[in-house]
Every structure is written in C-alpha cells, then in structure tokens.
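FYI, it's all coordinate maths here, none of it is from the lab. Note that the coordinates shown come from a computational prediction; the quantities given were computed from them, not determined experimentally. Positions of Cβ are backbone-derived with ideal geometry, glycine not excepted, and every protein chain shown enters the neighbour counts.
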Amino acid sequence: MSAESRSPVRTLLRPAPKPRPMSFAASLGADLSSLSDGASPKGSSAEPLESAAAVVETAPSAQPVAVAVEDRKSLESVLDELLAFDGSIGVALVDGQTGMVLGEAGSATNLGLSAAGASVILRARLETNKALGRPADIADVLITLSSQVQIIHPLSKNPQLFLYMVGDKVKSSLAMARYKAAEADDKIRL
C-alpha cells in the first residue's frame, strides 16, 4: 500500500456511508447486535448505533394494511336494493341490543324511533322463547298495522343485528318482502 492511499485527506474524500434506517426494535432501544443478517463475516459483531441523531427514520410504507374485497357490496347499496320491491317505505339495519340504527334507506318518517321499538319487541320475543324453553331461532317477526306492515328479520350470521323493513299495507307483498329480507341477509357482510 502506498502512503497516499493511507493519507487522512484521501479518507475525507470518500463518500460518507449511508445511514441505516431505524428499525422498530432499535427505536425502542433494543440491542440487535446478536442478530446477523448474513452481510457481516463470521465472528464479527454488528456495528452498534452511535447515537439516535445519526439514525434516519424511514417513513411508513404507503401500502395499505388491509385490502378491501371488491365483490363485497356496501351496506347502503344492499339497503337500496332492499327497497326495490313494490310498496317498500323504508329499511334499516339495527343493533338488537341497543336499538341503534347502523344504516337506513327510504323515506319512512321516524325510522330510527320505530327501529328502536322493534328492537324491544325482538328482545321480548327472544326472552319469551328462552322462558318457554324453545331453542328455535326467530326467522321473522311480522307486525301488521292499519296502514303498514313491518318485518323484523334477524341476520343469520349475527342474530344481534336485524333488518327492519316498513312497507305500505295496500301495495306491498309480505312474501316478496320476506324474500328480499332473506336475500339481503346473504349479501350483508359484517
């Protein structure tokens, strides 16, 4: 080796080594010196971090953590499809324990209040079945008023939630409404 290659001036002209990105464990102060990535020769230990200022943090990846399933319909579109039968006034997806409306569609007035009342009716029916020792699940609860029909349809995959449908008594068909409720039950993914 020549004296020129060992000179301090020559070492200053070399490009500075690129700072390594901070790993999650290093940011917590964990000692990673015992781990080897295969790049260092056997017997040598990994270089300890000089200081936190010398380490460059990398920005989080722009890649999404979860990828949306493209064939899954939105709740709004399923509820809008549920309104497609003749005489339908309003539909809602309701939490049976609290009476809270999770999604609604249609032009029914006070649908939230009606849905909360329907949750009380469903809970009472479930308690009555339990007291009578009936293990059968509830498929539908039909309520007929002077001008409306109402259907409470617990979801098969999550019986704590139910579809609440309100239809005009003169224009709507109970059979079609029950069919549409069962069809929507299959499409809702929670």
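The listed peptides 88-96, 138-146, ordered by packing as a protection proxy, come out as 88-96, 138-146 (highest mean of other Cβ atoms within 10 Å first). Summing charges over neighbours of Ser147, with a neighbour being any other residue whose Cβ is under 13 Å away from its Cβ, gives +1 when K and R count +1 and D and E count -1. Using alpha carbons only, what's the Rg to Rh ratio of segment 88-181 with Rh from Kirkwood? Here Rg/Rh amounts to 0.96.
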